[in-house]
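One structure is given here, and the rest of the page talks about it.
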Amino acid sequence: MKAQVTFLPHGKQIEVRPGTTILAASRKARVQIRTRCGGKAGCLMCKVIVDDSACTGLAPMNQNERLKLGELAEQGYRLACQAQITGDVHATVPEDPLKAAVRRQLERQREEDDL
Ligand code: FES
């Protein structure tokens, strides 16, 4: 039996075998999730937000993931490299901070040009 993973905001969907991590599923779906540690729960760059109603599609956090995430664990964040898929799940990939800064700057520029 396969599980369906939906990546937001892209809307890309992919089917994977249970036990696959969100990070592995993202690579298969060609959804970019930033990493630096190679999936060893060391860099915390692979954070994704998991829809509460779809949380049943993930295995419970292991102790390492819970320790690394701290308070973010209570806000729906999971480490894509650690979270194992057990069923259908929706994962929101936060915008890259650098891209977000550039986007905000461009929006400000556009607003100034419109004045
Ligand atoms: S890839 Fe580095 S913490 Fe997940």
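The values are calculated or read from the model by the stated rules, or taken from the named source; none is laboratory data. Keep in mind that this is a model prediction, so the values were computed, not measured. Cβ placement follows ideal geometry from the backbone for every residue including glycine, while neighbour counts extend to all protein chains displayed. Ligands, DNA and RNA are excluded from the accessible area calculation, which covers all protein heavy atoms including side chains. Shrake-Rupley method; radii C 1.70, N 1.55, O 1.52, S 1.80 Å.
Values as computed for the structure displayed
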{"read-out": "Relative compactness, the chain, computed as alpha-carbon Rg over 2.2 N^0.38 Å", "value": "1.18"}
{"read-out": "DSSP-defined antiparallel bridges as percent of all bridges, the chain, nearest 5", "value": "75"}
{"read-out": "Distance (nanometres) between label positions extended 7 Å along Cα→Cβ at ILE49 and LYS28", "value": "2.6"}
{"read-out": "Span from the region 64-85 Cα centroid across to the region 1-25 one, whole angstrom", "value": "17"}
{"read-out": "Environment charge at LEU106 (Cβ cut-off 13 Å; Lys +1, Arg +1, Asp -1, Glu -1)", "value": "0"}
{"read-out": "Longest DSSP-loop-exposure-free segment, trypsin sites (Lys or Arg not before Pro), the chain, at most 16 other Cβ within 10 Å", "value": "41-115"}
{"read-out": "Accessible-area ranking of CYS43, CYS81, largest first, probe 1.4 Å", "value": "CYS43, CYS81"}
{"read-out": "Share of carbon and sulfur in the accessible heavy-atom surface of the chain [1.4 Å probe, %]", "value": "48"}
{"read-out": "Electrostatic dipole magnitude of the chain [Cβ: Lys, Arg +1; Asp, Glu -1; Cα centre; debye, to 20]", "value": "720"}
{"read-out": "Average accessible area per residue (Å²) across the chain - probe 1.4 Å, nucleic acids and ligands excluded", "value": "65"}
